[in-house]
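Only one structure is covered here, and it is reproduced in the block below.
Only the coordinates and a few stated rules stand behind these numbers; no lab work does. Owing to the predicted nature of the structure, the values given are computational and were not obtained by experimental measurement. Using ideal geometry, Cβ is built from the backbone for each residue, glycine included, and neighbour counts are taken over all protein chains shown.
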Ligand SMILES: [Cu+2]
């Protein structure tokens with residue numbers, strides 16, 4: 001009787017150990033909604049949020065963050081699609097964009113209503129960016145990155 005009890009307990013224990021790797025794998029997998037719904041190059045929480053409005057503005061127009069932090073642009077204004085670019089080849093007026101020495105220019109895809117774009121800034125300095133479709137109506141913004 002006693003021996004059988006112990007065996008049963010041992011069997012239960014070993015079953016748990018067999019399940020453990022499976023549990024760990026499940027815990028390590030990212031939440032499915034975080035990856036495929038939005039366009040982003042960094043899933044970490046942003047230090048600043050810029051709204052893209054229906055009347056073609058970045059609000060706030062200027063944000064300040066520290067190196068290594070991210071800005072998230074959200075198209076939540078119920079208006080048209082927008083973009084975020086610091087790439088001179090993506091705009092009509094090169095004076096609308098600027099990046100500090102040593103930084104690389106970046107561009108979002110088209111950010112439709114309800115979508116967002118996120119970028120992490122590693123190089124300190126002043127970044128001026130534009131929405132390519134609405135550059136003409138001065139949809140421009142600035143990110144200042146300090147050390
Ligand atoms: Cu726009």
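Overview of results
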| read-out | value |
| --- | --- |
| Cα→Cβ-extended label distance, 7 Å offset, between residue 137 and residue 101, nm | 3.8 |
| Protection proxy ranking, peptides 60-67, 46-53, average beta carbon neighbours within 10 Å, highest first | 46-53, 60-67 |
| Paramagnetic label zone (point 7 Å from Cα along Cα-to-C-beta, residue 66; backbone N under 20 Å) in the stretch 86-126 | 119-126 |
